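I have placed the structure first, in the form of structure tokens, so that the comments after it can refer back to it.
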Amino acid sequence: MPKSNPMTGDDASRIQSQQAKSGGDMSSGGFSARAQSAAARNDNANAVSGSSGDFAGRAQNLAADNGNANSGTGQK
């Protein structure tokens, strides 16, 4: 089975730039548009799969911030 190499935003940008410079198909159905769509899908998939860890980190930071905010008032 071939190695998976997902499209990134940088890859799509390079493709779009080269297509534009060479007079390639810049339509919504062209290769550069499909590359951009694949990059967005991959970015969204990575954002969703990493969201639980990000949420836990934000919750921990919020709890720490709330503890620091109350420390000067004598309230806990």
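Bear in mind that the values in this text are calculations on the coordinates, not laboratory data. Given the structure is predicted, the values throughout are model-derived calculations rather than measurements. Because the Cβ atoms are built from the backbone with ideal geometry, glycine has one as well, and the counts that use them run over all protein chains shown.
Treat each spin label as a single point 7 Å out from the Cα along the C-beta direction, and report the GLN18 to ARG34 distance in nm.
1.5
With a point put 7 Å past each Cα toward its Cβ, work out how far MET26 is from ASN44 in nm, to one decimal.
2.5
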